[in-house]
1. Using a 7 Å offset from the Cα along the Cα-to-Cβ direction at both residue 206 and residue 385, what is the distance between the two label points in nm, to one decimal?
2. Running a GNM on the chain with Cα contacts under 10 Å, which residue among 209, 247, 354 ends up with the highest mean-square fluctuation?
3. Quick check: the angle from helix 137-179's long axis to the longest principal axis of the chain, C-alpha only, nearest 10 degrees?
4. Measure off 7 Å from each Cα along the Cα-to-Cβ vector at residue 130 and residue 144, then give the distance between these two points in nanometres to one decimal.
5. Within the range 347-385, name every residue whose backbone N is under 16 Å away from a label modeled 7 Å from Cα of residue 418 along the Cβ vector.
6. Could you give the Stokes-Einstein D for the range 261-338 in µm² per second, using the C-alpha Kirkwood radius, 10 °C, 1.306 mPa s?
7. Sorted from fewest to most neighbouring beta carbons within 10 Å, what does the list 278, 240 look like?
8. So for the chain: antiparallel DSSP bridges make up what percent, rounded to the nearest 5?
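Throughout, read-outs are computed from the coordinates displayed, never taken from laboratory work. Since the model is a prediction, treat every value here as computed from it, not as a measurement. When we count neighbours, we look across all protein chains shown, and the Cβ atoms used for this are built from the backbone with ideal geometry, even at glycine.
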């Protein structure tokens, strides 16, 4: 034995850390047994769990939601824009005499009481009605004087024309003698001078006669200007400013006449509307002063440029043969528009998953069941509590689809539904 080497204790040669010989074997067996028991317990527990699941009653399917549907069909939608403006006469004229004078007569009108009266405000007049007359005595004298001047000028012209004819014949006779050397050149010059002077005198006399005739025509026109006539097919006297015996001057206002056979209503429209208007377009007109009455008008005038102050386009509509509408009333013009649209109630529309988009649910049949199917939609307009759905080639929603109108807040895509009759 080497020095420093310790002798092992007597025994069976086992390691001192394992204790007594054979104990570690019992411990190993005990551990294996415990592991086996645990594995059996887990397996038995899992078997019981799955057995319980297989024996548990299956949950029943959720009942379908009851909804109301609306078929997507085309409807005629009427909309109206209204504008108000004052009623005006179609035309008006301030009448005056073209010459001065004294009023000698006014047109007489038979009133509702059967009595005649001088024409005044509110009376109706027909075309060429003589409203007032002036004293024509002075103008008749002027006409007579002018006629005398014309007669004198014509007589003087006739005398000069006769002298000019004789002077021409004399010149031709002397000219023939001069050519045959039977007279002198001085005689020829004298005859030529007289012929020219008489011809010039005739031309001057003709101008004088024409001036006299013009003066006569003016004198006769002045006599005609002594009567004042209505220029309208159906005129209404708005004001009378003269009386019998009154002295008036030329162009002094005597009558104000209105043409009320038609009236016009003026107003302004924005640039968004003016492009849709056309001349002759029919519109409706009503007036608070005439409750229950509606009139038909046509677009009479469309301005080509906007007003610089209001930035609107002046429009006029004309109402024909409606005596109830009078200048100064405020009338309302209604522009109606009818379009065909596919309308759905607002309750049918819900926000879609994608931001700023919307969808509706339509009911389709699958395997004998009614299913709610989500469909994205776009809108053209909102009318009260309904929306106009845009249908085009890219739209999944089609005419005739049954769209859920109530109960959409509870639905999701693929939800089973029951349609309420």
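1. 9.3
2. In the Gaussian network model the winner is 354.
3. Taking the Cα atoms of the chain, the angle to 137-179 is about 70 degrees.
4. Between residue 130 and residue 144, the simple spin-label model gives 2.0 nm.
5. 369-372, by backbone N distance to the label point.
6. Working: Rh = 13.1 Å.
Once the numbers are plugged in, D ends up at 121 µm²/s.
7. 278, 240
8. Numbers: 87 of 90 bridges.
Antiparallel: roughly 95 percent of the beta bridges in the chain.
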